Amino acid sequence: MRYGSSTLDAELFLAAETIAAAPRDGTVLLACHVNPDGDALGSMLGFGLGLRRFGFTSVYASFPEPFEVAEPFRFLPGLDLLVDPGKAPARPDLAVSFDAASPGRLGELIGALESAPTWIMLDHHGSNTGFGSIRLVDPDAAATAVVAADLLARLGVVVDREIATCFYVAIATDTGSFKFDATTSEVLALAARLVEAGAEPGDVARRVFDTRPFAAIQLLAEVLNRAELDPSAADGRGLVSAYATMADLERYGQPIHVLESFMDVVRTAAEADVACLVKPVAPGQWAVSLRSKGGTDVAAVAVALGGGGHRLAAGFTGYGEAAEVLGTVRDKLDRSEKIRVD
Ligand code: 5GP
Ligand code: MN
């Protein structure tokens, strides 16, 4: 946490007061971003279990269509909190959103969130556009789960094995298994407390990071084989890019989420500061992932293209052919500012 931020501290205090004052039999709606990753699901479900422990009896959690939890996260505790967005309470008494940097990422749940008397927004993206009535945004937090764990602690909720597992998955996912720069001593200390409470690092790693269908490995080989390196892109800092199409997924019988981990291989290319992976969403629509090793503010590039994220990990939705989307990225990278090294 950024302990120096008095605004965040005041908002956390206000959020805890509001939750503590809410009737325990009121309806609570939790929502996280579309195509939820480990942090979106883990922070939301862990917090939802915490609210139950606090005494709330009607807690519902949801995310926009496609309403499907990716296979690696189907072991998460608290999945019974999930409801289809079409069945989510339309007028909840309290709403809380997780890991969404802009309202658009909450899709069709926006109406219900806005109709709640209080909407507490938890996030950690520097590109957060500011929404909800109580805004808990900590751009220095490694994961939204760090903010969620802080809020639960202020409510005096004891973290049990189930909550700990949710938050641990969230933090392990968003720190790239404790490898990214956001892995501070505070994050490691929180992870240690979660392990003490019952989270199992080995089991989580096997399930979330180290298990995939054989066909997904073959698809990875094909995608890597067509990856391209452009050392002159991004003003000479270099770009490595790859893409997969809907037809590729169909050929290997794989769901879209298997592509998420491909970036972890693509971005290791030593000759490129920036990595770009273009993933299919629908015909003519792509989810584009951007990463930098440290020399480029890819969040600025993503924001310029209608998306958001963090300085070194960001994304946006692209339209047209995969090659066109890559062309747009290359173009924006050439105009992007190099990160100033202080
Ligand atoms: P990923 O590439 O792993 O999907 O996302 C990297 C980061 O960028 C995450 O923090 C994610 O929330 C953010 N991000 C990815 N796609 C989008 C998008 O379309 N819009 C916004 N606002 N953020 C995105
Ligand atoms: Mn996150």
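The values are calculated or read from the model by the stated rules, or taken from the named source; none is laboratory data. Owing to the predicted nature of the structure, the values given are computational and were not obtained by experimental measurement. No Cβ is skipped: glycine too gets one built from the backbone with ideal geometry, and neighbour counts run over all protein chains shown. All accessible areas refer to the heavy atoms of the entire protein, side chains included, with ligands and DNA or RNA removed. Shrake-Rupley method; radii C 1.70, N 1.55, O 1.52, S 1.80 Å.
Listed values, structure above:
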| quantity | calculated |
| --- | --- |
| Pair list, Cβ < 7 Å and 6+ apart or interchain, from the stretch 178-197 residues that are within 23 Å of residue 157 (Cβ to Cβ) to residues that are outside any helix (DSSP H, G or I) and at pLDDT below 95 | 186/1 |
| Qualifying residue in the stretch 187-194 (condition: aliphatic (A, V, I, L, M) and either in the same structural domain as residue 285 (by TED's automatic domain parsing) or part of a loop (DSSP other than H, G, I, E, B) (or both)) | no |
| Within the stretch 74-112, tally of residues that are touching a helix residue (DSSP H, G or I) at 6+ places or on another chain (Cβ under 8 Å), of a type in the set (A, V, I, L, M) and within 16 Å of ligand 1 (Cβ to nearest atom) | 4 |
| Residue in the stretch 302-311 that is nearest to residue 267 (Cα to Cα), counting only those that are assigned to a loop (DSSP other than H, G, I, E, B) and away from ligand 2 (no atom under 13 Å from the Cβ) | 311 |
| Selection count where residues are more than 11 Å from ligand 2 (Cβ to nearest atom) and buried (at least 22 other Cβ atoms within 10 Å of the Cβ), scope the stretch 139-149 | 1 |
| Selected residue (criterion: nearest to ligand 1 (Cβ to nearest atom)) from residues of the stretch 174-186 that are part of a helix (DSSP H, G or I) and surrounded by fewer than 24 Cβ atoms within 10 Å (Cβ to Cβ) | 186 |
| Residue within the stretch 46-59 that is on the phi < 0 side of the Ramachandran plot, free of Cβ contacts under 8 Å to residues at least 40 places away in the same chain and either of a type in the set (Ser, Thr, Tyr) or outside the structural domain of residue 138 (by TED's automatic domain parsing) (or both) present | yes |
| Unique match (being free of Cβ contacts under 8 Å to residues at least 40 places away in the same chain and in contact with a helix residue (DSSP H, G or I) (Cβ under 6 Å, 6 or more places away or on another chain)) among 221, 215 | 215 |
| Residue check for residue 204: open to solvent by less than 60 Å² (accessible area, probe 1.4 Å) and over 19 Å from residue 277 (Cα atoms) | yes |
| Strands (runs of 3 or more DSSP E) lying entirely in the stretch 82-143 (those with 3 or more residues that are among the acidic types (Asp, Glu)) | none |
| Matching residues, the stretch 290-309, being under 24 Å from residue 130 (Cβ atoms) and within 10 Å of ligand 1 (Cβ to nearest atom) | 290, 298, 299, 302, 303, 305, 306, 307, 308, 309 |
| Any hit, the stretch 23-32, residues being within 16 Å of ligand 2 (Cβ to nearest atom), open to solvent by less than 50 Å² (accessible area, probe 1.4 Å), part of a loop (DSSP other than H, G, I, E, B) and under 20 Å from residue 175 (Cβ atoms) | no |
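Quick grid of which residues meet (1) touching a residue at least 40 places away in the same chain (Cβ under 8 Å); (2) open to solvent by less than 10 Å² (accessible area, probe 1.4 Å):
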| residue | (1), (2) |
| --- | --- |
| 82 | no, no |
| 87 | no, no |
| 97 | yes, yes |
| 102 | yes, no |
| 109 | yes, yes |
| 113 | yes, yes |
| 137 | yes, no |
| 163 | yes, yes |
